[in-house]
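For reference, the structure is listed below as structure tokens.
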């Protein structure tokens with residue numbers, strides 16, 4: 001019978017983002033109090049602390065790392081030998097770089113099984129404007145991103161997209177100021193969903209791209225019109241190309257191409273890198289390039305156009 005691993009749960013977020021509150025709540029849940037000792041590794045000190053009574057009831061032992069240099073394989077192995085934990089919680093300082101933890105050699109049997117990020121909605125825009133690269137590093141690959149202290153007029157749709165463009169597989173949750181979860185909401189899009197075709201302005205390309213992924217039912221069978229640059233296979237006989245845009249997800253070193261497969265007999269004649277205005281019908285179907293069902297565009301009209309004033313797509 002294979003040896004069971006020791007699960008490691010990573011909880012990170014900027015200071016005062018609610019990491020300790022989240023863990024305090026978790027420690028108080030009955031289903032959390034399973035047999036075995038839990039090791040909690042704290043990588044920073046916040047205003048809120050843990051209750052000694054709750055820690056004792058949940059069989060939690062705490063180790064505090066004051067500096068980034070203290071986080072080493074040797075120190076983790078010392079903790080493993082000392083406590084023999086059944087599971088590990090890491091309250092992580094994102095300023096140390098989440099990649100450091102991912103790349104570190106863990107003690108034998110330790111397995112990173114969940115990556116959770118907490119975000120204070122009231123300060124989110126400030127951090128995105130001033131520490132964007134750290135934020136994107138923090139959420140990249142996260143299993144769950146929890147925005148707390150939310151108000152319904154905070155622009156939650158934009159918050160969600162800021163996460164999804166960096167880490168599409170992350171679950172994004174919103175918690176209100178009263179501590180209750182906010183139900184899923186209908187996005188208000190900046191273009192007319194009932195127009196034929198839906199005209200997607202340059203500034204809205206990123207929003208449209210994410211909404212096509214999140215709400216394919218809105219677009220299936222509908223006609224859209226947008227501007228994109230030509231990307232295609234070198235095979236001349238290929239009737240597919242990808243009209244899309246490059247997106248800056250955090251910094252100049254992290255540029256991604258966002259686009260959907262588009263079918264047209266004109267594909268072999270389209271110059272690579274040319275900007276085109278595409279009018280196409282959207283169909284949700286399997287495409288081998290996706291490896292799954294996704295939006296496939298059937299072009300009705302393609303014409304060369306001048307590049308937009310800002311060629312990159314930004315998310316905020």
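Only the coordinates and a few stated rules stand behind these numbers; no lab work does. Keep in mind the model is a prediction, meaning the values are calculated, not measured. As a convention, Cβ positions derive from the backbone with ideal geometry for all residues, glycine included, and neighbour counts pool all protein chains shown.
Okay, here's what the table says:
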{"quantity": "FRET efficiency, residue 51 to residue 16 (Cβ-Cβ, R0 25 Å, nearest 0.05)", "calculated": "0.85"}
{"quantity": "The chain: Cα Rg divided by the 2.2 N^0.38 Å rule of thumb", "calculated": "1.19"}
{"quantity": "Length released on extending from residue 246 to residue 202, taking residue separation times 0.36 nm less the Cα-Cα span", "calculated": "14.6 nm"}
{"quantity": "Length added when fully stretched, residue 151-residue 231, from 0.36 nm per residue minus Cα-Cα", "calculated": "24.8 nm"}
{"quantity": "Rg to Rh, two decimals, where segment 6-176 supplies the alpha carbon set and Rh follows Kirkwood", "calculated": "0.96"}
{"quantity": "Pairwise FRET efficiency - residue 304 versus residue 239, Cβ, R0 = 22 Å, nearest 0.05", "calculated": "0.70"}
{"quantity": "Angle between the chain longest axis and helix 205-214 axis [Cα atoms, degrees, rounded to 10]", "calculated": "70"}
{"quantity": "Packing-based order for 157-168, 272-283, using average beta carbon neighbours within 10 Å, highest first", "calculated": "157-168, 272-283"}
{"quantity": "Between 0 and 90°, nearest 10: helix 73-83 axis offset from the chain longest Cα axis", "calculated": "50"}
{"quantity": "Simple spin-label estimate for residue 283 and residue 215 in nanometres, 7 Å along Cα-Cβ", "calculated": "2.4"}
{"quantity": "By average C-beta atoms within 10 angstrom, highest first, the peptides 137-143, 109-115", "calculated": "137-143, 109-115"}
{"quantity": "Mean Cβ neighbour count within 10 Å, used as a protection proxy, ranking 292-298, 16-22 highest first", "calculated": "16-22, 292-298"}
